[in-house]
Amino acid sequence: MAYLEPAEYPNYGLPVGTTADWVTAASALINTYCRRPDLNIIEYTERIRVVREARTVLLTYLPLAPLAAAVSPLVSLEGRYIKSRRGELPVEPLTEIAGLFGLPGNWAPIDPAQADVDPATGELTLPWNIYGLPYDEVKVTYTAGLATIGDDVKCACAQIVRNAQATPALNASRAKMDTMWIEYFSSSLIDDTVRAWLRPYVANRLG
């Protein structure tokens, strides 16, 4: 999806005659730079290791936002009970007792309503479970993105187009822009100003 509509071009400093392929290619480059498929609200699923003796994990894509009629960005949540690795002592005596019932290593559903999540930072705090047994890994399905594409993204998109149009190799009699062609010049098209506008939407870590 292009992040600028033709009617918006003059508002963001683009000539009225700018063809849509420039904006489409710039929008694709934004997604690549942010390491995500789209900046609009979509659903993601991640498996994340939980640090020993911790109850928090960090989600990759921000900002977290509910989709449609949902009230929470968390769709589903599962946790795998901790299982001591070879040579490690159990975290606590309860781990040994839980082992008798085959709990360590198994996945269990977690009520998303009982978890605490910060939409801005992506920090997810897991609730205590009834067994008191720590989680080794969690599987989180959540929604993240922008309900409305803001001026920062629109400005970034327009700036990339202007940078591309000012690059001779990209501006040489091409009937249609090619996404791979424009990505080849990404280091020069995404300048410091564009990076500053897009910084809040770059994935926390590589997928």
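Restrict the check to region 70-84 and report whether at least one residue is within 14 Å of Ala147 (Cβ to Cβ), assigned by TED's automatic domain parsing to the domain that holds Asp118 and modelled with pLDDT of 95 or more.
Looking for residues that are within 14 Å of Ala147 (Cβ to Cβ), assigned by TED's automatic domain parsing to the domain that holds Asp118 and modelled with pLDDT of 95 or more, one finds at least one in region 70-84, hence yes.
Answer with yes or no whether Arg35 is under 17 Å from the mean Cα position of the chain (by Cα) and at pLDDT below 95.
Judged against the criteria, Arg35 is a match.
The conditions are (1) surrounded by fewer than 16 Cβ atoms within 10 Å (Cβ to Cβ); (2) at pLDDT 95 or above, and Ile41 fails exactly one of them. Which is it?
Failing condition for Ile41: (1).
Taking region 129-161 on its own, how many of its residues are assigned to a loop (DSSP other than H, G, I, E, B) and in contact (Cβ under 8 Å) with a residue 40 or more places away in the chain?
7
Among the candidates Ile48, Ile30, which residue alone is surrounded by 20 or more Cβ atoms within 10 Å (Cβ to Cβ) and within 24 Å of the chain's Cα centre (by Cα)?
When all the criteria are applied, what remains is Ile30.
Restricting to region 13-27, give me the number of residues that are in a helix (DSSP H, G or I) and either surrounded by 18 or more Cβ atoms within 10 Å (Cβ to Cβ) or in contact with a strand residue (DSSP E or B) (Cβ under 8 Å, 6 or more places away or on another chain) (or both).
The number of residues fulfilling the criteria is 6.
Taking into account only those residues within region 116-126 that are exposed (fewer than 15 other Cβ atoms within 10 Å of the Cβ) and in contact (Cβ under 8 Å) with a residue 60 or more places away in the chain, which is farthest from Arg80 (Cα to Cα)?
Thr121
Conditions (1) touching a residue at least 24 places away in the same chain (Cβ under 8 Å); (2) outside the structural domain of Glu78 (by TED's automatic domain parsing); (3) closer than 25 Å to Val140 by Cα; (4) of a type outside the set (Asp, Glu), marked per residue:
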| position | (1), (2), (3), (4) |
| --- | --- |
| Leu14 | yes, yes, no, yes |
| Thr24 | yes, yes, no, yes |
| Thr32 | yes, yes, yes, yes |
| Arg47 | yes, no, yes, yes |
| Arg52 | yes, no, yes, yes |
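Residues of region 137-169 being more than 16 Å from Trp197 (Cα to Cα) and surrounded by 19 or more Cβ atoms within 10 Å (Cβ to Cβ), which ones?
Val138, Val140, Tyr142, Thr143, Ala144, Ala164 - these are the residues of region 137-169 that are more than 16 Å from Trp197 (Cα to Cα) and surrounded by 19 or more Cβ atoms within 10 Å (Cβ to Cβ).
State the number of residues belonging to region 36-49 that are of a type in the set (Lys, Arg) and either assigned to a strand (DSSP E or B) or out of contact with any Phe, Trp or Tyr (no Cβ under 9 Å at 6 or more places or on another chain) (or both).
Qualifying residue count, region 36-49: 2.
If I go through region 1-11 residue by residue, how many of them are crowded, with 19+ Cβ neighbours inside 10 Å and more than 20 Å from the chain's Cα centre (by Cα)?
Count: 2.
The values are calculated or read from the model by the stated rules, or taken from the named source; none is laboratory data. Here the structure is a predicted model, which means the values were calculated and not measured. Here the Cβ is made from the backbone with ideal geometry for all residues, glycine too, and neighbour counts use every protein chain on show.
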